[in-house]
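Shown next, in structure tokens, is the structure this report addresses.
Laboratory data are not the source of any read-out in this text; all were calculated from the coordinates shown. As the structure is a prediction and not an experimental result, all values here were calculated from the model. With ideal geometry, Cβ positions are generated from the backbone for all residues, glycine too; neighbour counts draw on all protein chains shown.
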Amino acid sequence: MSSAVAAPASHSVPAIRVPIALEERSYDILIGSTLLDDAASWQDLPRAAAALIVSNETVAPLYLERLRQRLASQYARVDSVILPDGEQHKDWDSLNRIVDHLLARAADRKTVLFALGGGVIGDMTGFAAAIYMRGVPFVQVPTTLLAQVDSSVGGKTAINHPRGKNMIGAFYQPARVIADMDTLDTLPPRELVAGLAEVIKYGPIADAAFLDWIETNLDALLARDKSALAHAVKRSCEIKAWVVGQDERETGLRAILNFGHTFGHAIETGLGYGEWLHGEAVGCGMVLASDLSVRLGLMPPEFLTRMRGLIQRAGLPVRAPRLGVERYLELMRVDKKNEGGEIRFVVIEALGRAGMRGAPDTLVAEVLNAHCD
Ligand SMILES: NC(=O)c1ccc[n+]([C@@H]2O[C@H](COP(=O)([O-])OP(=O)(O)OC[C@H]3O[C@@H](n4cnc5c(N)ncnc54)[C@H](O)[C@@H]3O)[C@@H](O)[C@H]2O)c1
Ligand SMILES: [Zn+2]
């Protein structure tokens, strides 16, 4: 018998380091609890006279002061820009506020930007860092599960344009990612669950054993058990880094990270942005994409049953909104992945392996009819 005593769900977990090897753009992802207050996580960051923390009105009251104190010992000046909260503010105005602040303070090209928040703050801060004086270092401090497992890894930064999401941006890697599991304590339950959709995604596309692990540990994840969350974040980051490492600029393989996203984006756009969270649409989209994989003869029917069961148990929607088959097809035809008019889907070819396939509209219609309310 092991003598280890089961720790309470809120116990702290030692920091895990996931190195991201991208030659001169290599960096570390640190994952654990109490990282915000742990000096070791913040050592050896790029040196500069000044640091600028970018956050929003929701996250700043929760964590800004702690981060500021942590950075005060390393940077002579630590400023902050607090942006309004929400995807609708991922725009030129917010980006301008960051750049204006840097210029008003005559920030030099060594100034380090810190993104404290979810994916919206991370994407905007990363883009500001990419363009200010042709590039200053930045550090991601992701505070949503989605940002920890997805948006803070891979180097995509962007703002939205009224004509399209993430249409203006750059590939730009951070100097470090510091994912403190304790920040998830304050995350609204719906946001936590939405982040779980992206975690679940990594299993079928890349790691069958991870899918087993998620099924076994789902209750712990939902209860915000720190070591379960840290493992989920670690494995998700490793898989995303592995995929991105082979295809940094999305010419091929990287598209498999969009499992469930073709259907998911159609749901998001069809309902109007903000109705369902992105992760909710992706959760449901994975049910549809799993069914498509079955109907294409790639996977046995049990695979759909398994995926739907897990997605439902996570608290994600498994029934798609009734937008009408024609509307779905129309929405999916504008997807960036398409070639020559045929809609391309990420499908599962074997547990832990994904590929891209076109599918006839009639088959897609069968899938939609089977899962729409
Ligand atoms: N760069 C990429 O590769 C990539 C990948 C996936 C998604 N994204 C982008 O990420 C964005 C979505 O990110 P998100 O889901 O983190 O949304 P978000 O940044 O809007 O955060 C969700 C909500 O949670 C709040 N919040 C954040 N941390 C909190 C905390 N610890 N406690 C309490 N509330 C907290 C936020 O203020 C916000 O209201 C989208 O803009 C999407 O385009 C980018
Ligand atoms: Zn996604």
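Taking Arg66, Arg134, Arg344 in turn, the Gaussian network model of the chain (Cα-Cα springs below 10 Å) assigns the largest fluctuation to Arg134.
The ranking of Ser152, Ser26, Ser227 from fewest to most other beta carbons within 10 Å of each one's beta carbon is Ser26, Ser227, Ser152. Each 10 Å bin from 0 upward holds the following percent of the Cα-Cα pairs of segment 16-186: 11, 44, 38, 7, 0.
Set Lys and Arg Cβ to +1 and Asp and Glu Cβ to -1, take the dipole of the chain about its Cα centre, and tell me which of Phe259, Leu329, Ser94 lies farthest positive. Projecting each Cα onto the dipole axis, the largest value belongs to Ser94. Taking the Cα centre of segment 190-371 as origin and assigning +1 to Lys and Arg Cβ atoms and -1 to Asp and Glu Cβ atoms, the resulting dipole is close to 200 debye. Size descriptors for segment 163-240: radius of gyration and Dmax over Cα atoms are 14.2, 42 Å. For segment 282-373, the extents of the C-alpha atoms along the principal axes are 36, 28, 21 Å, listed from largest to smallest.
Near Arg344, the amide H atoms lying under 5 Å from its own belong to Asn338, Glu339; only residues 5 or more places off or on other chains count, and H is placed 1.01 Å from N. The Arg353 and Glu326 beta-carbon pair, evaluated with R₀ = 22 Å, returns a calculated FRET efficiency of approximately 0.10. For segment 190-371, the mean projected area of the C-alpha convex hull, equal to one quarter of the hull surface, is 9.6 nm². Percent of alpha carbon pairs in segment 59-103 separated by more than 11 Å? Result: 71 percent of Cα pairs exceed 11 Å. When the alpha carbon gyration tensor of the chain is reduced to an equivalent ellipsoid, its three semi-axes come out at 35, 25, 18 angstrom, largest first.
If you place +1 on the Cβ of every Lys and Arg and -1 on the Cβ of every Asp and Glu, how big does the dipole about the Cα centre of segment 16-186 come out, in debye to the nearest 20? Dipole about the Cα centre, nearest 20: 560 debye. Distance between the 7 Å Cα→Cβ label points at Ser26 and Glu87: 3.7 nm.
When shorter helices are ignored and each DSSP H run of at least 4 residues is given -39500 (n - 2.57), the per-residue value for the chain at 222 nm works out to -13500 deg cm²/dmol. Build a GNM of the chain with springs between Cα atoms under 10 Å apart, and of Ala106, Ala289, Ala147 the one that fluctuates most is Ala106. Taken over the C-alpha atoms, segment 118-211 has Rg and Dmax values of 14.3, 45 angstrom. The residue among Tyr75, Gly279, Thr144 whose Cα reaches farthest toward the positive pole of the charge dipole of the chain, with charges on the beta-carbon of Lys, Arg, Asp and Glu, is Tyr75.
Could you give the length gained on full extension between His161 and Gln246, defined as 0.36 nm per residue of separation minus the Cα-Cα distance, in nm?
Numbers: separation 85, 0.36 × 85 = 30.60 nm, distance 2.89 nm.
Residue separation times 0.36 nm, minus the Cα-Cα distance, leaves 27.7 nm.
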